[in-house]
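Below is one structure, written out as structure tokens, with a few remarks after it.
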Amino acid sequence: MKQKTDLPKVFTTFTAATICLAVHAGDLPDLPEAFDAGWEGMKTCELLYQTDEVRVGRCTFPPGVGHEKHFHYPHFGYVIEGGTLSITDDQGDTEVRQTITGGTWSTDEITIHEAINIGNTTTSYIIVEPIYSGSE
């Protein structure tokens, strides 16, 4: 028997028409996209898969390594290795988050933040996000 799974809402927004309506070039932050942001000159994300509509990347953060301030298009994330991150949002508010292996999250809007792994273990996750013209 096939198990029914409910996909996160973000997957329903992964069409070019929806993204174009939701995101206008003038509305994009003047920051690197998530897959382009790094940490102190070091790449922290690698592109695993890409089509004309979606891309998938793996981001890995050893202890003390972070992700400079960047933005995400609407996206889905899956935690491969959990850990402890200090995350600062676009308003400057900082929150410590414990990520759990196998955990997921999604958002249906553009988000801005920076993060640093403040734990004792490497944390990594998979990000799935739409391709927006200019995001390649």
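Can you name the condition, by its number, that ASP89 falls short on among (1) modelled with pLDDT under 95; (2) crowded, with 17+ Cβ neighbours inside 10 Å; (3) within 14 Å of the chain's Cα centre (by Cα)?
In the conditions (1) modelled with pLDDT under 95; (2) crowded, with 17+ Cβ neighbours inside 10 Å; (3) within 14 Å of the chain's Cα centre (by Cα), ASP89 misses (2) alone.
So which residues in segment 107-124 are in a strand (DSSP E or B) and either farther than 15 Å from PHE61 by Cβ or open to solvent by less than 60 Å² (accessible area, probe 1.4 Å) (or both), if there are any at all? Let's see the steps before the verdict.
Here is the first cut: in segment 107-124, the ones in a strand (DSSP E or B) are 107, 111-117, 123-124.
Correct list: THR107, THR111, ILE112, HIS113, ALA115, ILE116, ASN117, THR123, SER124.
If you scan segment 70-106, which residues turn out to be touching a Pro at 6+ places or on another chain (Cβ under 6 Å) and either over 20 Å from ALA37 (Cα atoms) or assigned to a strand (DSSP E or B) (or both)? Step through it out loud before you land on a result.
Step one: filter segment 70-106 for residues touching a Pro at 6+ places or on another chain (Cβ under 6 Å), giving 70-71, 73, 76, 106.
Of everything in segment 70-106, those that are touching a Pro at 6+ places or on another chain (Cβ under 6 Å) and either over 20 Å from ALA37 (Cα atoms) or assigned to a strand (DSSP E or B) (or both) turn out to be HIS70, PHE71, PHE76, SER106.
With the condition kept exactly as written, say whether any residue in segment 25-32 is over 15 Å from GLY119 (Cβ atoms), surrounded by 12 or more Cβ atoms within 10 Å (Cβ to Cβ) and either of a type in the set (Val, Ile, Thr) or modelled with pLDDT of 90 or more (or both).
No - not one qualifying residue is present in segment 25-32.
Scan segment 107-123 for residues that are under 19 Å from PRO32 (Cβ atoms) and either of a type in the set (Val, Ile, Thr) or out of contact with any helix residue (DSSP H, G or I) (no Cβ under 9 Å at 6 or more places or on another chain) (or both) and jot them down.
THR107, ILE110, THR111, ILE112, HIS113, GLU114, ALA115, ILE116, ASN117
The values are calculated or read from the model by the stated rules, or taken from the named source; none is laboratory data. Quantities reported herein were computed from a predicted structural model and do not represent experimental measurements. Every residue, glycine among them, receives a Cβ derived from its backbone with ideal geometry; neighbour counts consider all protein chains shown. With ligands, DNA and RNA removed, areas are computed over all heavy atoms of the protein, side chains included. Shrake-Rupley method; radii C 1.70, N 1.55, O 1.52, S 1.80 Å.
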